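A.B. asks: My structure is below; once you've seen it, I'll send some questions.
Computed from the coordinates by the stated procedures, all read-outs in this text should not be read as laboratory data. Note that this is a predicted model, so its numbers are computed, not measured. Every residue, glycine among them, receives a Cβ derived from its backbone with ideal geometry; neighbour counts consider all protein chains shown.
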Amino acid sequence: MIRPVGRKKRWGCFLRSPCTFFSISFSRNTTFAVKARHRPEAYSKGDIVQSIGRLFDTTIAHYEKKDYQAAEKAIDELLAIHPDFQRGQFLKAVILEETGRAGEAEAHYARSGNRFTLWARLAGQLEGTDPQRALLYYERAAENDASNNMLWFNMGSLYEKMGRSDEAGKCFRKLQLFREVLSRVFIPLGFLIILAAGARLMILRGDLALASVVSLSALFCLVWLKRDGGKAMEMIRKRNRYR
């Protein structure tokens, strides 16, 4: 028997798990449920949030080890508490699919939101523990979004780490470098130049307060350029290496 707890509470929170794959938010109308043997009044909002985080971490840990029985048990408990948790529905679908129950998986995929984005995130989660499974989900995501440079870059990098240079080259050759250089180098560089020139002009006019604000914005653009520009340069190097 399932009993509701905290129905239509006007509250919101953001929960992050140690797993990079996991982040969820709760809406004000979220309905939670716990098994009848527990006293509903004993469960605070924090207890429920911690339970969901713990169960999700447990599911991921068992799933990575291919302990599907334990993983499915944990995700079923999580979905009993929060059936509208999209990443939970997604993991349930993945577990069903990997255990030969693709027909049952589709109903859970339908409730999981954008499965292609989640496949890409799951692939990133699996890179260190199960690269072969990671490639499977990168390929699925790429089938839906063939113009996504980060998918091809991540997939190519993983193939490269596995010593499969031919497959890595095929991925890197699909990179569309102009778009990456434009968005990661020229746009932030343009903003940086404009802001730096504006800050200099304001200093000359004696408007030091506004100049400091613009200078901080320019500093942000510099950090943006350093982060994204470095990734664009790495893509160019990989593409040139595997011509």
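A.B. asks: Can you give the FRET efficiency to the nearest 0.05 for residue 233 and residue 57, using r as the Cβ-Cβ distance and R₀ = 51 Å?
C.D. replies: Details: r = 36 Å, r/R0 = 0.70.
The value I calculate is 0.90.
A.B. asks: Leaving out same-chain residues fewer than 8 places away, which aspartates and glutamates sit with a Cα under 13 Å from that of residue 66?
C.D. replies: Correct list for residue 66: 97, 98, 130.
A.B. asks: Need the list of aspartates and glutamates near residue 231 for cross-linking: C-alpha distance under 12 angstrom, and skip anything on the same chain fewer than eight residues off.
C.D. replies: Straight-distance partners of residue 231: 180.
A.B. asks: Which whole-number percentage describes the relative contact order of the stretch 77-161, with Cα contacts under 8 Å and a sequence gap of 6 or more?
C.D. replies: Computed value for the stretch 77-161: 19 percent relative contact order.
A.B. asks: Need one number: nm distance between label points at residue 73 and residue 140, each 7 Å from Cα along Cα→Cβ, rounded to one decimal.
C.D. replies: 2.5 nm
A.B. asks: Between residue 179 and residue 209, what length in nm is gained on full extension when 0.36 nm per residue of separation is reduced by their alpha carbon distance?
C.D. replies: Using 0.36 nm per residue and subtracting the Cα-Cα distance, I get 7.2 nm.
A.B. asks: In whole Å, how far is the Cα centre of the stretch 204-243 from that of the stretch 107-171?
C.D. replies: 28 Å
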